[in-house]
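**Student:** Sharing a structure below in structure tokens format, with a few things to ask.
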Amino acid sequence: MTIRRISSTLCALGLLSAALPASAVDIVFDYRYDSSGFFTADRRAVLDGVARLFSDNLTDTLSAIQPGSDELFVARIYDPVDPLNSSVVVDNLTVAANQIRIFVGSYAFSGQTLGVGGPGFQSLGGSQAFINQVESRGEPGALLNPATDFAPWGGTITFGAQISWYADSDLSTVESFSGQFDLFTVAVHETAHVLGIGTADSWFAQVVGDTFTGTLATAVNGGVAPALRNDGSDAHFATTLTGHVNGSAQVPLLSPFIPLGARRYMTDLDWAALDDIGWQVASLQATIPAPVPEPGSWALLAGGLLLVGVSARRRT
Ligand SMILES: [Ca+2]
Ligand SMILES: [Ca+2]
Ligand SMILES: [Zn+2]
């Protein structure tokens, strides 16, 4: 679990979409603990985009978690609506193949904390094969010591209820939202924590001193192991690093600070780190989700067809 605060650092960003392969990992945001109704339709739509961004770009194949009668899988998470003080058990959770379920909520943090996020936990019983399967989801490197892979069933993200959020209805455009924080930016950052950056054994296995020594991240960083934020947690990149977003320089998204009134993206360094901790990353340049057909354009298409039918009938 990690916490971020704000800073006023700003960068010029480019915005390009990349061609992406068919999805494998299926990120699902789960709203069952959202008792306050924080996740309005527009906010859920932003999280849908976050899910698609990762689902499009991570091609791992993860096994399902379906305990049999003599097997035990009890999922536990930090309470999405009180993450710093309590945890909750998720009753009767089963996890489909490739699925990663992230429970979300909101909490009025003191000060400037925008959100917290991290993977879930579990209690397990049954055969060693079942236990291994839950802990690795078929990714053998997750069972090694030191671990070289990470395949969680899911986790938690809590967004600051005290924050003024911007929920962008069209992630392909960036407009002015001064005075607000970008929900997309923060949700992508926290999802990367759920997926192991700053949280997984396979991350910490590659932390040496205050650097992350992953092979690809080091290569992307010009052959130098990228520096970590020197705050004792080793959970974030240093703000002094420069990653790239389709050629434009940007502080890595997994640094501890998010600017007010600006969008940030996963840089090549952030994606490289996910690759280094065991994810199969299709592109180091993925920024926003690939477009999906809008309901509006389907309606237009249907309307056009109807019009054709009408005019044809009138002609006869
Ligand atoms: Ca927009
Ligand atoms: Ca993997
Ligand atoms: Zn963070």
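The values are calculated or read from the model by the stated rules, or taken from the named source; none is laboratory data. Predicted, not measured: the structure shown is a model, and the values here were computed from it. All Cβ positions, even for glycine, are placed from backbone atoms using ideal geometry, and neighbour counts span all protein chains on display. Calculation scope for accessible area: heavy atoms of the full protein, side chains included, ligands and nucleic acids excluded. Shrake-Rupley method; radii C 1.70, N 1.55, O 1.52, S 1.80 Å.
**Student:** Is it true that Val89 is out of contact with any helix residue (DSSP H, G or I) (no Cβ under 9 Å at 6 or more places or on another chain), at pLDDT 95 or above and either of a type in the set (Lys, Arg) or part of a strand (DSSP E or B) (or both)?
**Tutor:** yes
**Student:** For a quick check of your reading of the model, give me the residue pairs whose first member lies in the stretch 149-166 and is over 15 Å from Gly37 (Cα atoms), whose second is within 16 Å of ligand 2 (Cβ to nearest atom) and among the acidic types (Asp, Glu), with beta-carbon atoms closer than 6 Å and at least 6 apart or on different chains.
**Tutor:** Sorted first by the residue in the stretch 149-166, then by its partner, the pairs are Asp149/Glu139; Ala151/Glu139.
**Student:** Would you say Asp182 is without any contact (Cβ under 8 Å) to a residue 60 or more places away in the chain and either within 16 Å of ligand 1 (Cβ to nearest atom) or out of contact with any helix residue (DSSP H, G or I) (no Cβ under 9 Å at 6 or more places or on another chain) (or both)?
**Tutor:** no
**Student:** Just for helices (runs of 4 or more DSSP H) wholly inside the stretch 163-254: which have at least 2 residues that are more than 16 Å from ligand 2 (Cβ to nearest atom) and not acidic (Asp, Glu)?
**Tutor:** In the stretch 163-254, the matching helices (runs of 4 or more DSSP H) lie at 183-194, 215-220.
For every residue, the table says whether it meets (1) open to solvent by less than 20 Å² (accessible area, probe 1.4 Å); (2) more than 17 Å from Ile102 (Cβ to Cβ); (3) of a type outside the set (A, V, I, L, M).
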| site | (1), (2), (3) |
| --- | --- |
| Arg32 | no, no, yes |
| Ser36 | no, yes, yes |
| Thr40 | no, yes, yes |
| Ala45 | no, no, no |
| Asn57 | yes, no, yes |
| Ser63 | no, yes, yes |
| Ile77 | yes, no, no |
| Pro80 | yes, no, yes |
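**Student:** Sticking with this one: Filter the stretch 151-178 down to the residues that are within 16 Å of ligand 3 (Cβ to nearest atom) and among the aromatic types (Phe, Trp, Tyr) and list them by number.
**Tutor:** Listed by number, the list holds a single entry, Phe159.
**Student:** Turning to a different aspect of this structure: Quick test for you: out of Ser169, Ser123, pick the one residue that is touching a strand residue (DSSP E or B) at 6+ places or on another chain (Cβ under 7 Å), in contact (Cβ under 8 Å) with a residue 40 or more places away in the chain, exposed (fewer than 15 other Cβ atoms within 10 Å of the Cβ) and of a type in the set (Ser, Thr, Tyr).
**Tutor:** Just one listed residue meets the conditions, Ser123.
**Student:** Still on this structure, please answer the following. Would you pick out the residues in the stretch 187-216 that are within 16 Å of ligand 1 (Cβ to nearest atom) and more than 19 Å from Asp268 (Cβ to Cβ)?
**Tutor:** Residue satisfying the conditions is Ala187 alone.
**Student:** Of everything in the stretch 172-197 that's open to solvent by less than 20 Å² (accessible area, probe 1.4 Å) and more than 13 Å from the chain's Cα centre (by Cα), which residue is farthest from Ala64 (Cα to Cα)?
**Tutor:** Result: Phe177.
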